[in-house]
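The values are calculated or read from the model by the stated rules, or taken from the named source; none is laboratory data. Fair warning: this is a prediction, and the values are worked out from it, not measured in the lab. Cβ coordinates were reconstructed from backbone atoms using ideal geometry, including for glycine residues, and neighbour counts include every protein chain displayed. Surface accessibility is based on the protein's heavy atoms, side chains included, excluding ligands, DNA and RNA. Shrake-Rupley method; radii C 1.70, N 1.55, O 1.52, S 1.80 Å.
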Amino acid sequence: MLPVKITIKGDYYDCQIYRGRLYLWTFDGDLKVYNWNELVQSFIKKDTDKIAMTFCFLDGNYLYKSSLIELFKDTDFKNLLLNKFTAIEKPIFELSEKDLQKYLFGEQETPTGILPTDTEIYSNKLYLIHEKGLFSGSAHRKKSDKFPVSSKPLKLWDCNLLSIKANKYPQLALSGGDEGLFELNMATSVASNLKRVESKSPIFQISKNHSSFSNYSYLNIYNTSLVDNSFLATFKWNLTKDKGNRDLPLRDFDTNITDHKIFNVRNKDHFISWGIEDKLYKATEGGFEIIKYNNYANEEKGEEKFNRLKTVNFNAWKGKVVNGGTAYFGNIVECENALIIIQSDGKTFTIPGPITKWRIYPRSMNYENHLHVILDDRIEIYSFNHDYFLNQENKEIGIEFKAEKHRRSQRISYFDDTDESMFDKTDLPF
């Protein structure tokens, strides 16, 4: 089953997608925001293609619903849906820069006037970093507003960060190179045993070890260093009492587990590793190794936290592994000469380089099946749709999809006034 692709011509620097809008940064320093829903609908020429195009590009979460998974056990129903996806694999969905203007929601100079090193859009706010520091400003604004995002974002910190990554909770992991690993924690309760490094913003230092980029793994953060040892910064829940004598959960720092221990490597050689949720990865000379991480393992009963699953090898021409990421649909590995997607069904899909930038959105509510790849003269937006039909518990590649468990009847003091519907609360201790 091949991915479905939309190609947009143009010279782009970065991208984001959020709540029906596509954000594109250009090398000229402009930020242009487009109506993504209308753009996708413009490609639907036949009513018979509407369902598949909607699931591909507008509502990637829908087919993970438990009621539909039961229907997939019916071979006739499953084949009918598979045929609908197959029908839109071959058609070319492409827009020129001129045609793209039809769907322009708004444009402006990029906030602060400096192209960002990295960005996240989270709870209706745009977070961006560059050499002047970390900034945040309102996003997903009304059409009547002068600009689609705030033109004067608030400066949160003056550290020159390399990467930022949002959690499902109101937190952002901040990778600061030689400065170490930090976290912006916007929850109402914060760790009691971490040092706060900025008086005006709830930013805490997690480690002084080098951090190139990082990602969340359950409550924890996997810290990747391209020059030093990587590690898993683990957290645990501690309960205390607030001023009203009510239980208050604190996500306190626990310990750092080195990549050598996780992957059972005895020598001291440096290697690249990364992780998200239940999968951790180690780059090898010709591919990578996969570790299944069980955050809930009962070690007193002999259960293992880290279990090796398999090794995946690449063709030599693709070069060394330089970066990696994971989505529900599979593992994305950036090599020197190509971007390789090892799909959760075991198949491999290759995008030849040079690659300017790529993004996935595994914590999105609608775009978790997307891969956005920026090349020299275009952006290619891929939708991978094979994962809906797999047994999630048996997957060796890709994040295991788990239905969110919301307990709306209880007061969740952990959260601030952000949109609670965005967050997965399955790790909370109540």
Per-residue HN-Hα couplings for the range 219-224 [Karplus 6.51, -1.76, 1.60; θ = phi - 60°; Hz; x = Gly/Pro]: 6, 9, 10, 8, 9, 9
Relative contact order (percent, whole number), the chain, Cα cutoff 8 Å, 6+ residue spacing: 15
Partners for K195 among aspartates and glutamates (Cα-Cα distance below 18 Å; same-chain residues under 8 apart left out): D158, D178, E179, E183, D252, D254
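For each pair in K50/K318; K65/K279; K84/K402; K84/K305, compute the distance between the two Cα atoms and list the pairs where it is over 30 Å. Write out the running numbers ahead of the final one.
Working: K50/K318 36 Å; K65/K279 22 Å; K84/K402 25 Å; K84/K305 40 Å.
Listed pairs above 30 Å: K50/K318; K84/K305.
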Label-to-label distance, nm, for residues given as F306 and I51 (7 Å Cα→Cβ offset): 4.5
Lys/Arg +1, Asp/Glu -1 at C-beta; the chain dipole; positive extreme among N267, G106, L280: G106
Cα centroid of the range 20-85 to Cα centroid of the range 331-367, whole Å: 18
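For the chain, what does the helix formula give at 222 nm: sum of -39500 (n - 2.57) over DSSP H segments with n ≥ 4, over the residue count, nearest 500 deg cm²/dmol?
Values: 6 runs with 41 residues, N = 430.
That calculation yields -2500 deg cm²/dmol at 222 nm.
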Amide H partners (placed H, <5 Å) of S273, local residues excluded: S225, A283
Accessible area in square angstrom per residue, the chain, 1.4 angstrom probe: 46
Distant-in-sequence amide H partners of S217 (H built 1.01 Å from N, under 5 Å): Y222, E277
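Using a 1.4 Å probe over the heavy atoms of the protein chains, calculate the carbon and sulfur portion of the accessible area of the chain as a whole percent. Numbers along the way, then the final one.
Values: 9100 of 19860 Å².
It is 46 percent, rounded to a whole number.
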Where labels lie 7 Å past Cα in the beta-carbon direction, separation of D252 and N79 in nm: 5.9
Accessible-area value, H370, 1.4 Å probe, nucleic acids and ligands omitted, Å²: 0
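Using unit Cβ charges (K, R positive; D, E negative) and no other charged atoms, how large, in debye to the nearest 20, is the dipole of the chain about its Cα centre? Present the calculation step by step, with values, prior to reporting the outcome.
Values: 58 positive and 59 negative charges, 165 e Å.
I would put it at about 800 debye.
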